[in-house]
Amino acid sequence: MSHFHYRQDELFCENIPIQNIADKVGTPFYIYSYAALVDNFRRVEKAFSPFNPLICYSLKANPNLTLCRILSSLRAGADVVSGGELYTALLAGFLPEKIVYAGVGKTQKEIEFALKNNILLFNVESEQELVEIAKAAEKLKRKAPISIRINPDIDPKTHHYITTGKKGNKFGVSFETAERLYHKIAQTRTFEAKGIHMHIGSQITSTETYLKALNKLKDFIRKLQDCKMKPGYLDMGGGFGIAYEEGEKELCLEELARQISLIFPEDMHLILEPGRYIVGNAAALITKTLYRKEEGANKFLIVDAAMNDLVRPALYGACHRIIPIQRLSSKACEKVSIAGPICESADFFLKNVDFPGVVKGELLAILDTGAYGFSMSSNYNSRTRCAEVLVKGDKWWLIREREDYQDLLRGQRVPRESLWGMNISSTLSCNVQFWKMEGTGNDFIVIDNRGELIKERAKIASCLCQRKKGIGADGLILIEEAKDADFTMRIFNPDGSEAEMCGNGARCAVRFAYLKGIAGRECIFQTLSGKILAKLSDDVKVKVKMTSPQDLREVDKLNIDGKIYKGYYVNTGVPHFVLFLPSSESIPIREVGAKIRFHEFFHPQGTNVDFVQIEKDRLLVRTYERGVEDETLSCGTGAVASALISAFVHGLSSPVTVLTKGGEIVVWFKLSEDKFSEVFLEAEANIVYRGNLNGAKYV
Ligand code: LLP
């Protein structure tokens, strides 16, 4: 039984009446069945089980994060064609070693991103692409895993727009070129020949086409093997056709698997890249009838979904079955065309079909729209993109919000200069996105300023960091271009002065840069105090390399109001005085800290003061910060100083966990012959919220 079915004339998705969801989320929206998604994946798995294949879900069919997470949890791999898809795939939990990357126009930046993330292989589509990959691999000192995409010149008998393996198509290379490329790969240390690839088209319903293509590939593989080249993976792409119309046949996977088994080269590992087959029939697009319009003999149902939501009928002349949410068998059929509100004659879903009489306000389900539905949607006619909902049994969730009008303007900037001489209100001037982030108790405003939209940095920092009249933050971080690094981090204090570096801020900058696609999980960024290495150690934790400590020494007689304090001095980027106490809770930090900080022993630059309590194998640390002249929630260089001194004096070994009022910090280091090296600080960098700066005042 389909997971979209009628119960007493009412359309359900699994166990939920679709009308109930529509009443809550409005229309139009895509509705996905969890069970259908999982069943489809299992069907592919089962049919090809003798091959134990790697099934790389093709994200272009539908990159929704929830759907991708479900598929990655079923241990699927991913087929991606852009940096954005790769980013989504990684975020959704697809393992890098199960990700393949195709596409005729990979950019240097995308290639580096993929290499840094150790994907399984690149499906290479041209000789020039190979040159670009070599460039990136040499730069990153990595070996690039390569598979050549063959264009076997086969007609898959599908729509000409989705035919991809025929001579004249832009995809893949001929056997002759491929042979040359494999020889090149074999001669270059930068490459590793991992596999061979084809993808001949989409919505293919005959097994014969695949066999023809595979037979051609097989002969070629034999030739490669004769030359002692042995790509291990055979990736036969996706393209498995589904049934869109009543009575139409889908591709028989069992039959395809059986036939392939007769010719499949021994000791090669099969990769499949299905997209449509996994998600196609797992969704319907729910839309409301806005108007019934009759002009002579022509009857139209104008619905609130349009070609911007589902472009397949307009682009390929595709037919998707449409059924009413409330089925009334008593209703007589009439000939209608079902069209959307967009100002294009191509904006229709069905033309002149027999359809049961539908009245204004009734809901319709456009079926089998899970693949290339939302993923090809747009904002054409300034229409907001619709919502997405997932149903599982008798539960449902909104998995993508409907866009609002603000979303239509996101990222748009109207430079004030462009309006000079015109009588236009200057409050329109811009719409710059910022993120509010937090790292162990320090909060920052982070902005991507690579286009240098913000020029008056100091002024804007002091404006935005104000707690009541601005956003409120300990600093403004601007991510800017860098010559020999992934990016530059510039950090400004609330008084507008520029700081050299800040550990908590740096972690926020690294996570921001990663999530924005500016840098990979591992990066090098420029600061006023030099280049800094960092990596994301999990989704929210960032590990930053710190400077190695200087001037470590014992200070055994610090006289404060007649009381003698003993502690250790060390410079971990800034000066710190560390003292151990049985309990760090009871000490009046502001008072004692200030006295130590201004003690003549530390003149003229003063010092920060860390009060440390050792609790089993971790430290409880409170820090008095110079400059702030008070206790702060945490201090990165203070955590490092406390951990290193504890290792030095009390023999704690790396990594040391430091508990501060602002959260947990882990300090990693190497200690040999009383010398510290490889000092890293690891802690969370959290996103509190994102927003837009509107108004001329700021930019
Ligand atoms: N692998 C590669 C390299 C691809 O280019 C594609 C799809 C697939 C796998 C997945 O193909 P599937 O299993 O989904 O057929 N927008 C069109 C379909 C375009 C397909 C592009 N490539 C449509 O709506 O019919």
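The values are calculated or read from the model by the stated rules, or taken from the named source; none is laboratory data. Here the structure is a predicted model, which means the values were calculated and not measured. Every residue, glycine among them, receives a Cβ derived from its backbone with ideal geometry; neighbour counts consider all protein chains shown.
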* To do: Can you confirm whether region 363-377 contains a residue that is more than 21 Å from residue 244 (Cβ to Cβ), polar (S, T, N, Q) and within 16 Å of the ligand (Cβ to nearest atom)?
  => no
* Only one of (1) within 14 Å of residue 661 (Cα to Cα); (2) modelled with pLDDT under 95 fails for residue 610. Which number is that? -> (2)
* To do: May I ask you to list the residues in region 143-177 that are surrounded by 15 or more Cβ atoms within 10 Å (Cβ to Cβ), more than 16 Å from the ligand (Cβ to nearest atom), modelled with pLDDT of 95 or more and not polar (S, T, N, Q)?
  => 144, 145, 175
* Looking at this structure, is residue 294 among the charged types (D, E, K, R), part of a loop (DSSP other than H, G, I, E, B), over 21 Å from residue 29 (Cα atoms) and at pLDDT below 95? -> no
* Residues 242, 278: which one is assigned to a helix (DSSP H, G or I), among the β-branched types (Val, Ile, Thr) and under 24 Å from residue 35 (Cβ atoms)? -> 278
* Asked: Within region 202-214, restricting attention to residues that are assigned to a helix (DSSP H, G or I) and touching a helix residue (DSSP H, G or I) at 6+ places or on another chain (Cβ under 7 Å), which residue is farthest from the ligand (Cβ to nearest atom)?
  -> 211
* Does region 82-103 include one or more residues that are more than 14 Å from the chain's Cα centre (by Cα), surrounded by fewer than 23 Cβ atoms within 10 Å (Cβ to Cβ) and within 14 Å of the ligand (Cβ to nearest atom)? -> yes
* To do: Hand me the list of helices (runs of 4 or more DSSP H) wholly inside region 70-188 holding 3 or more residues that are not assigned by TED's automatic domain parsing to the domain that holds residue 214.
  => 83-91
* From 574, 540, which residue is at negative phi, at pLDDT below 95 and surrounded by fewer than 18 Cβ atoms within 10 Å (Cβ to Cβ)? -> 540
* Check residue 176 against each of (1) touching a residue at least 12 places away in the same chain (Cβ under 8 Å); (2) under 27 Å from residue 136 (Cβ atoms) and name the one condition it does not meet. => (1)
* Structure fact -> Over region 26-42, the set of residues touching an Asp or Glu at 6+ places or on another chain (Cβ under 9 Å) and either assigned to a helix (DSSP H, G or I) or of a type in the set (Val, Ile, Thr) (or both) is 27, 31, 34, 35, 36
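To keep it simple, each residue is scored yes or no on (1) modelled with pLDDT of 95 or more; (2) assigned to a strand (DSSP E or B).
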position	(1), (2)
341	yes, no
355	no, yes
360	no, no
372	yes, no
375	yes, no
* To do: Kindly indicate whether residue 328 is out of contact with any Lys or Arg (no Cβ under 7 Å at 6 or more places or on another chain) and surrounded by 14 or more Cβ atoms within 10 Å (Cβ to Cβ).
  => no
* Asked: Going through region 215-248 one residue at a time, which ones are within 16 Å of the ligand (Cβ to nearest atom), closer than 22 Å to residue 162 by Cα and either surrounded by 14 or more Cβ atoms within 10 Å (Cβ to Cβ) or of a type in the set (Lys, Arg) (or both)?
  -> 217, 234, 235, 236, 237, 238, 239, 240, 241, 242, 243, 244
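Each row is one residue, and each column tells you yes or no for (1) more than 16 Å from the ligand (Cβ to nearest atom); (2) touching a residue at least 24 places away in the same chain (Cβ under 8 Å); (3) not aliphatic (A, V, I, L, M).
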| site | (1), (2), (3) |
| --- | --- |
| 250 | no, yes, yes |
| 258 | yes, no, yes |
| 274 | no, yes, yes |
| 280 | no, yes, yes |
| 294 | yes, no, yes |
| 299 | yes, yes, yes |
* Asked: When the residues of region 181-201 are filtered to those that are within 16 Å of the ligand (Cβ to nearest atom) and modelled with pLDDT under 95, which remaining residue is farthest from residue 146 (Cα to Cα)?
  -> 201
* Exactly one of (1) surrounded by fewer than 17 Cβ atoms within 10 Å (Cβ to Cβ); (2) among the hydrophobic types (A, V, I, L, M, F, W, C); (3) within 21 Å of residue 245 (Cβ to Cβ); (4) away from the ligand (no atom under 15 Å from the Cβ) is unmet by residue 315. Its number? -> (4)
* To do: Could you check residue 78 against (1) under 30 Å from residue 262 (Cβ atoms); (2) touching a residue at least 40 places away in the same chain (Cβ under 8 Å); (3) within 13 Å of the ligand (Cβ to nearest atom) and say which number it fails?
  => (2)
